[in-house]
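Here is the structure we will look at, set down as structure tokens.
The values are calculated or read from the model by the stated rules, or taken from the named source; none is laboratory data. Predicted model, so just to flag it, every value in this text is computed and none were measured. All Cβ positions, glycine included, derive from the backbone under ideal geometry; neighbour counts span all protein chains shown. These area figures cover heavy atoms from the full protein model, side chains too; ligands, DNA and RNA do not enter into them. Shrake-Rupley method; radii C 1.70, N 1.55, O 1.52, S 1.80 Å.
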Amino acid sequence: MKKDTIILGIETSCDETAVSIVRNGTEIMTNVVASQIESHKRFGGVVPEIASRHHVEQMTVVLEKAFENTDITWDEVDAIAVTEGPGLVGALLVGVNSAKALSFAKQKPLVGVHHIAGHIYANRLEKEFEFPLLALIVSGGHTELVLMREHGSYELIGETRDDAAGEAYDKVARMLNLPYPGGPHIDQLAAIGEETIAFPRAWLEEGSYDFSFSGLKSAVINKIHNAKQRGETLKNEDIAASFQASVVEVLTAKTLKAAKAYNVKQVIVAGGVAANKGLRRELETVFSETDIPLLIPDIKLCTDNAAMIAAAGTIAFEQGRRSGLDLNANASLQLK
Amino acid sequence: MNILAIDTSNQVLGVSLLKGEQVIGELMTNLSKNHSVRLMPAIEKLMKEVSMNPEDLDKIIVAKGPGSYTGVRIGVSTAKTMAWALNIPVVGVSSLEVLSYQGRFFDGVICPFFDARRGLVFTGLYQWKNNRLEPVFEEKNMLMEDVLQTLQKQQTNVLFLSPDIAIYKEAIEQALGERAIIPEGAYHIPQAGHLGLAGLTKHADPTHALTPNYLRLAEAEANWLKAQKENESHG
Ligand SMILES: [Zn+2]
């Protein structure tokens, strides 16, 4: 019988301090996330220095909680996986240095993991992968289409050229005076509003799988501004519905096109914006008309967590990848 | 009692190993190179050199700042996590206190400091009394100008210790003249061996609660608090 692979994951790339232990890359043994969102709310966004400070305060607390929640002991842990990038460098540094300290203290191998690889592998905690697969990653920091032909291999086929989708949501939310984080509020408003404004769709050049949301964001600003000057009142829910319709249409259409072009066996949606109901509904509708299965993990696994890092780390570990004690945080790490 | 001491709070990267009061190994560089990349390999190398395994450690001592926010976090994160993993105590020591050990045999007041930009320094005043280092005035983030003004009013000699001494040498000499004692280069470099000694007699920190000694709020937080106050007085 093949021995289980037990990986401890650590994630601190933004504003969640997270630790998890995963068995065989598919089964969560423990998954603890300490969110700092309450602390950052007052600033209307994540403040890097404050995020880093919270990570130092939380790291060992979260580690301890993770072990309290499981029967797994250190003896059984095969390796430590940690997000090495991309993300906020100060925040990443806390996770990376803590992971290295654990690796040395417990004499366990260390595996650096790309944050996006983690988001993709969150899906494997629910359903086994079938290749080739296409992953759409949408979050506050990312909008990417990644093609995977086999485990541990990532081909970036499309990405945002300016703002991430989640970033555009947050900015529009701020214009509508919605509290941070704005994404869920826009989603709620959009559900009751109507698409009365024809905002642009950024398709970019023919055949491109890249995204762009800054033009849309400007169009929303202009629209609100002009309406104000003319003394017209726009309904917030209609602005939200119209904005969301543009984002969702482009994301869905490009994902569908890429899925067909690469003949994929699965489409995976990951990242915080995957929790967006409007996006989910549209993707589900569109893919239900194809025979390509669409996978969107549970909301807890969509947002940043360490189980996804442990899951991606499991594959890297099994493929023999190791990081040295000189592993560094890399804010702009490329997905390879 | 095997002790590991770690200092990455400023430009110096220092690691030392002690057996009780005896320093048995020390590794130091004074370079502007990445602490995150170099700290764990330094610890590993030094421990190998003295044939010590991680589980042989009984205590970890870390310089908790003030200093570079990032640097301090690298040291404190490493120290806390190692201590937690090995289930041994961890002790945080002020980086200014470590520097004051370079004035162990000095009779007057010691002013260790780190540059904090725009004329500001992280500093405190210390004095050795009955073989103990005692604080004379609390550590603060303040203008060097104000530090010197305070010192001008006192009559004692002052020993200045700082890796950033060059920036303020002239101002110090101008303010205090003969009363300012500024030694040569090597004395301005904190030593991890001293950090070990400084931590030896201190109570352990509760591991989870040990946090860096930033001496300054994050800018966003300071602005937020200011805005809150203004709102209160207007509201
Ligand atoms: Zn993420």
**Q.** Subset of region A:260-274 [within 14 Å of the ligand (Cβ to nearest atom) and surrounded by fewer than 21 Cβ atoms within 10 Å (Cβ to Cβ)]
**A.** none
Q | Residue count, region A:275-285 (criterion: open to solvent by less than 30 Å² (accessible area, probe 1.4 Å) and in a helix (DSSP H, G or I)) | A | 3
(Q) I'm trying to understand the selection: among the residues of region B:51-69, which are open to solvent by 40 Å² or more (accessible area, probe 1.4 Å) and either over 30 Å from B:VAL121 (Cβ atoms) or of a type outside the set (D, E, K, R) (or both)? (A) B:SER51, B:ASN53, B:GLU55, B:ASP56, B:ASP58, B:SER68, B:TYR69
Q. Hey, any hits in region A:35-42 for a residue that's open to solvent by 20 Å² or more (accessible area, probe 1.4 Å), within 16 Å of the ligand (Cβ to nearest atom) and without any contact (Cβ under 8 Å) to a residue 40 or more places away in the chain?
A. yes
Q) Does A:ALA122 satisfy the criteria of being assigned to a strand (DSSP E or B), among the small types (Gly, Ala, Ser), within 16 Å of the ligand (Cβ to nearest atom) and open to solvent by less than 30 Å² (accessible area, probe 1.4 Å)? A) no
Q: Determine which single condition A:LEU136 fails, assuming it passes every other condition in (1) open to solvent by less than 10 Å² (accessible area, probe 1.4 Å); (2) within 16 Å of the ligand (Cβ to nearest atom); (3) assigned by TED's automatic domain parsing to the domain that holds A:ILE21.
A: (3)
Q) Taking region A:288-336, which residues are assigned to a loop (DSSP other than H, G, I, E, B), within 20 Å of A:VAL77 (Cα to Cα) and of a type outside the set (A, V, I, L, M)? A) A:ASN305, A:GLN319, A:GLY320, A:ARG321, A:ARG322, A:GLY324
**Q.** Checklist (1) within 18 Å of the chain's Cα centre (by Cα); (2) farther than 20 Å from A:ASP326 by Cβ; (3) in a helix (DSSP H, G or I) applied to A:ALA91, failing item
**A.** (2)
Q) Which one of A:THR233, A:THR255 is closer than 25 Å to A:ILE292 by Cβ and polar (S, T, N, Q)? A) A:THR255
Q: Give me a count of the residues in region B:28-50 that are buried (at least 18 other Cβ atoms within 10 Å of the Cβ) and either under 17 Å from B:ILE189 (Cα atoms) or touching a residue at least 60 places away in the same chain (Cβ under 8 Å) (or both).
A: 1
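Matching residues to (1) open to solvent by less than 30 Å² (accessible area, probe 1.4 Å); (2) of a type in the set (A, V, I, L, M, F, W, C):
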residue: B:LYS169; (1), (2): no, no
residue: B:GLY177; (1), (2): no, no
residue: B:GLY193; (1), (2): yes, no
residue: B:LEU217; (1), (2): no, yes
Q: Could you tell me which of the residues A:VAL96, A:VAL61, A:VAL56, A:VAL47 is open to solvent by less than 50 Å² (accessible area, probe 1.4 Å), facing another protein chain (nearest Cβ under 8 Å) and modelled with pLDDT under 95?
A: A:VAL47
Q. Restricting region B:137-161 to residues that are within 20 Å of the chain's Cα centre (by Cα) and modelled with pLDDT under 95, which is surrounded by the fewest Cβ atoms within 10 Å (Cβ to Cβ)?
A. B:GLU138
Q) Looking at (1) within 27 Å of A:GLY112 (Cα to Cα); (2) open to solvent by less than 60 Å² (accessible area, probe 1.4 Å), can you tell me which one B:LEU17 breaks? A) (1)
Q: Return the pairs, sorted by first residue and then second, in which the second residue is part of a helix (DSSP H, G or I) and within 13 Å of the ligand (Cβ to nearest atom), the first residue lies in region A:298-322 and is within 17 Å of A:LYS100 (Cα to Cα), the beta carbons are less than 7 Å apart, and the residues are 6+ apart or on different chains.
A: A:ILE309/A:GLY118
Q: Take region A:10-24 and flag every residue that is open to solvent by less than 10 Å² (accessible area, probe 1.4 Å) and either part of a strand (DSSP E or B) or away from the ligand (no atom under 14 Å from the Cβ) (or both).
A: A:ILE10, A:GLU11, A:THR17, A:ALA18, A:VAL19, A:SER20, A:ILE21, A:VAL22
(Q) Can you tell me how many residues within region B:198-215 are on the phi < 0 side of the Ramachandran plot, part of a loop (DSSP other than H, G, I, E, B), surrounded by 16 or more Cβ atoms within 10 Å (Cβ to Cβ) and not hydroxyl-bearing (Ser, Thr, Tyr)? (A) 4
Q: Kindly indicate which of B:GLU55, B:GLU21 is more than 19 Å from A:PHE104 (Cβ to Cβ) and not aromatic (Phe, Trp, Tyr).
A: B:GLU21
Q: Mind listing whichever residues of region A:147-169 are in contact (Cβ under 8 Å) with a residue 24 or more places away in the chain, touching a Leu at 6+ places or on another chain (Cβ under 9 Å) and either open to solvent by 70 Å² or more (accessible area, probe 1.4 Å) or farther than 29 Å from A:PHE129 by Cβ (or both)?
A: A:LEU156, A:GLU159, A:ARG161, A:ASP163, A:ALA168
Q.
Within region B:22-116, considering only helices (runs of 4 or more DSSP H) that don't extend past its boundaries, which have at least 1 residues that are away from every other protein chain (no Cβ under 11 Å)?
A. B:35-49, B:95-100
Q. Can you pull out the residues in region A:139-150 that are within 11 Å of the ligand (Cβ to nearest atom) and touching a Pro at 6+ places or on another chain (Cβ under 8 Å)?
A. A:GLY140, A:GLY141
Q.
What pairs come out if I take residues in region A:68-87 that are assigned to a strand (DSSP E or B) and open to solvent by less than 10 Å² (accessible area, probe 1.4 Å) and pair them with residues that are basic (Lys, Arg) and away from the ligand (no atom under 16 Å from the Cβ) whose C-beta lies under 6 Å away, six or more apart or interchain?
A. A:ALA79/A:LYS108; A:ILE80/A:LYS108
Q | Single match in A:LEU189, A:LEU178 (criterion: more than 16 Å from the ligand (Cβ to nearest atom) and part of a helix (DSSP H, G or I)) | A | A:LEU189
Q) What are the residues in region A:170-184 that are open to solvent by less than 10 Å² (accessible area, probe 1.4 Å) and either at pLDDT 95 or above or among the small types (Gly, Ala, Ser) (or both), if any? A) A:ALA173, A:GLY182
